[in-house]
Amino acid sequence: MKKTFNTNKEMIAKLQKRGLIINDDSNVFVFNNYVNLIYIYSRPFYDVENQKYTKEINVKELIKINKIDIKIQSALFSRIMIIEGKIRTVLAAQIAREIKPHRAQTN
């Protein structure tokens, strides 16, 4: 029989009892901030009809996945910014070339 949880808080309380989540001063950041960040990764285990989680979720693994996901996003966006900068430079040069002949004709 599968263990189901009614809410995220219920699941977290169960994991705290098992020692998988520690909520003391040194780990409050991990506990408080990652609950919402890992929500998207825990969604596949959520039974919408019964509004319960159908599987115990390894929160530590989800936190690792989230950290990797953040690194991938950061790398991707930094590459996009480089490409965007190059495109803007090329477009600005092209616009400048088009403006010069136009100004020469009007003078």
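Distant-in-sequence amide contacts of Asn58, defined by a placed amide H-H separation under 5 Å and a gap of 5 or more residues or a different chain, comprise nothing. The slack in the chain from Val90 to Ile72, taken as 0.36 nm per residue of separation less the alpha-carbon distance, amounts to 3.7 nm.
Under 5 Å from the amide H of Lys52 lie the amide H atoms of Asp47, each residue being 5 or more positions distant or on a separate chain, with H modelled from the backbone and absent for Pro and chain starts. For Lys9, a cut-off of 18 angstrom between C-alpha atoms picks up these lysines, skipping any fewer than 8 places away in its own chain: Lys17, Lys52, Lys55, Lys60. Sorting the segments 64-74, 83-93, 7-17 by their residues' average number of neighbouring beta-carbon atoms within 10 angstrom, most packed first, yields 7-17, 64-74, 83-93. Computed 3J(HN,Hα) for the range 75-91, one whole-Hz value per residue from the Karplus formula 6.51 cos²θ - 1.76 cosθ + 1.60 where θ = phi - 60°, is 5, 5, 5, 5, 5, 4, 5, 5, 5, 4, x, 5, 5, 4, 4, 5, 5, glycine and proline marked x.
Bear in mind these aren't lab numbers, they're just calculated from the coordinates by the rules spelled out. Since the model is a prediction, treat every value here as computed from it, not as a measurement. Reconstructed Cβ throughout: ideal geometry from the backbone, glycine too, with neighbour counts over all protein chains shown.
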